Amino acid sequence: MPRLDDPVTIGPLEVPNRLYRAPLLECAGNGEDAVDILVADLEPAAESGVGLVFQGATIVTEDGGCAAPGMTRVHDPEFVSRLSNLTDAIHDHGGTIFVQLEHGGLRSMETWHAGYREQHPGEQQLAVSRPPWQLRLLDRLGFLDFDPHVMSTEEVYDLAEAFGNAGERCVEAGYDGIHLAGANMGIIQQFLSPFYNRRDDEFGDGVRFLEVVHDELRERVGDTPIVTKVPSEAPAPPVVRRKLGDDDAVDIAHRLADIGYDAIVPVRTSVVWDMSIVRGEYPKRAWRDESFQGGYAEAFGGRLRTRGVRFMNWLESFQFDFEPAWNADLARRIRDVVDVPVLLEGGVRERGQMNRLLGESCDMVGMARPFYAEPKLAARLLADEAGDGTRVVCENCNNCTVPQVTGAVGQCRTPSVLRRRGKFEESGAYDRD
């Protein structure tokens, strides 16, 4: 059975170990300090020994498409060239780094962020098809604001080309691979999902879009590894009848491996933004924090609407309670039918658990929120050679995630967690030999 500290090959790239930092929102933007913010956020993971760092979702177009405030765009060659400072910092520690490419489509800020809509009144959402009736109803009720532009066949090809051009720029800046944001309700999931996709052209089969994106990337980046998330929409609300199930995800993964994708990341997610992505506790501390109230009101369109969103978040916390390794059984099924590495994330929290999952459900294991709590977490996990139960300090409280709708940086804000991290820092647990 493989161990966490064993190397693994993705395409032609050898990754030094099987632990990865999953994509997170860095909220770095594209300003003068953007690269410095990214280095400060991502370098500690590589410094502590993570084999592979995934930079969070970056937007491939110049306008629109951001699913949250402060997302970084990679359309500008001059800006992207500066990202070599980040890739050099990761490589200096012996790590590897992939960039995640995305476009939000109907999930973009021009749909849900009231302040952004006021500042960009003419901005439309790129849409795979006309929004489904459930979302149109939310539009009529005032919770969302749709002005969709359904892409023509030619425009879909243009978007795929934008992914290819962005990937080429990033590889030239030193990135070791490309990660496509194929889940979390971004436009790639919208192509794959029967909830969103009702096209009558070749892209009515959503895998076709990922095939064209793959070919655009291959033409520009050669054999550089290309990885994608593959969604199952099993957690979607009962009112949603047209959705991707686990069987669909297995079939999609099989087809993508045949197309030439170098690794697959299976993810169970919904068709709308909810806590199926960040399962755990209701983030009461973050919702009550006075320093974020103005940002919440701007995002959601006032304090009354904020209270409504907060109430829905509370209800979801009962439905999506924390579940250890909640994607493991789906990953295991996909691993049985593909001949490329399968990466597992979502609820992985212990070294012993990682040892059991490797070789059984996956080839690499990753975490996201725990790196907000412990930026140098890898040092503790990799030092536990016996795998006797080293556990992250993250409490799955989600106080790190909700403030990001205001543009706040991703970081742990829970005092009990920070105290535990402080004790580990004092003991030298994050120091590598």
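Here residue 199 meets each of (1) assigned to a loop (DSSP other than H, G, I, E, B); (2) surrounded by 21 or more Cβ atoms within 10 Å (Cβ to Cβ) with one exception, condition (2).
For the stretch 163-180, the set of residues classified as surrounded by fewer than 24 Cβ atoms within 10 Å (Cβ to Cβ) and either part of a loop (DSSP other than H, G, I, E, B) or under 15 Å from the mean Cα position of the chain (by Cα) (or both) consists of 173, 174, 176, listed by residue number. Among the residues making up the stretch 352-392, those that are charged (D, E, K, R), closer than 26 Å to residue 26 by Cβ and assigned to a helix (DSSP H, G or I) are 369, 380.
For the stretch 319-335, the criterion of being open to solvent by 30 Å² or more (accessible area, probe 1.4 Å) and over 23 Å from the mean Cα position of the chain (by Cα) is met by none of the residues.
When the stretch 298-307 is limited to residues that are without any contact (Cβ under 8 Å) to a residue 40 or more places away in the chain and of a type outside the set (D, E, K, R), the one that is least open to solvent (accessible area, probe 1.4 Å) turns out to be 306.
For the stretch 237-254, enumerate the residues that are out of contact with any Phe, Trp or Tyr (no Cβ under 7 Å at 6 or more places or on another chain) and part of a loop (DSSP other than H, G, I, E, B).
Across the stretch 237-254, the qualifying residues are 237, 238, 239, 241, 244, 245.
For residue 387, indicate whether it is under 27 Å from residue 292 (Cβ atoms) and either β-branched (Val, Ile, Thr) or at pLDDT below 95 (or both). In short, no. Residues being touching a Pro at 6+ places or on another chain (Cβ under 9 Å), at pLDDT 95 or above and either assigned to a helix (DSSP H, G or I) or open to solvent by less than 10 Å² (accessible area, probe 1.4 Å) (or both) are entirely absent from the stretch 24-34. Quick one: is residue 208 open to solvent by 10 Å² or more (accessible area, probe 1.4 Å), of a type in the set (D, E, K, R), in a loop (DSSP other than H, G, I, E, B) and out of contact with any Cys (no Cβ under 7 Å at 6 or more places or on another chain)? Judged against the criteria, residue 208 is not a match.
What is the residue count in the stretch 50-67 for residues that are open to solvent by less than 10 Å² (accessible area, probe 1.4 Å) and either free of Cβ contacts under 8 Å to residues at least 40 places away in the same chain or under 13 Å from residue 100 (Cβ atoms) (or both)?
Let us first name the residues in the stretch 50-67 that are open to solvent by less than 10 Å² (accessible area, probe 1.4 Å), namely 50-56, 58-60, 64-65, 67.
Keeping just the survivors that are either free of Cβ contacts under 8 Å to residues at least 40 places away in the same chain or under 13 Å from residue 100 (Cβ atoms) (or both) gives 52-56, 58-60, 67.
Qualifying residue count, the stretch 50-67: 9.
Pairing each residue of the stretch 409-433 that is closer than 10 Å to residue 393 by Cβ and touching a residue at least 12 places away in the same chain (Cβ under 8 Å) with any residue that is among the polar types (S, T, N, Q) and surrounded by 15 or more Cβ atoms within 10 Å (Cβ to Cβ), provided the two are 6+ apart or on different chains, yields C-beta distances under 6 Å for 414/399. Across the stretch 244-295, the qualifying residues are those that are within 22 Å of the chain's Cα centre (by Cα) and aromatic (Phe, Trp, Tyr), and the one among them that is least open to solvent (accessible area, probe 1.4 Å) is 261.
Just checking, does the stretch 262-270 include any residue being hydrophobic (A, V, I, L, M, F, W, C), at pLDDT 95 or above and in a helix (DSSP H, G or I)? No, every residue in the stretch 262-270 fails to be hydrophobic (A, V, I, L, M, F, W, C), at pLDDT 95 or above and in a helix (DSSP H, G or I). Residue by residue through the stretch 384-398, note down the ones that are at negative phi and open to solvent by 10 Å² or more (accessible area, probe 1.4 Å). Listed by number, the residues that qualify are 384, 385, 386, 388, 390, 391, 394, 395, 397.
The values are calculated or read from the model by the stated rules, or taken from the named source; none is laboratory data. The structure displayed is predicted, hence computed values, not measured ones. Glycine gets a Cβ as well: all are built from the backbone with ideal geometry, and neighbour counts include every protein chain shown. Ligands, DNA and RNA are stripped out before the accessible areas are found, and what is left, the full protein with its side chains, is counted by its heavy atoms. Shrake-Rupley method; radii C 1.70, N 1.55, O 1.52, S 1.80 Å.
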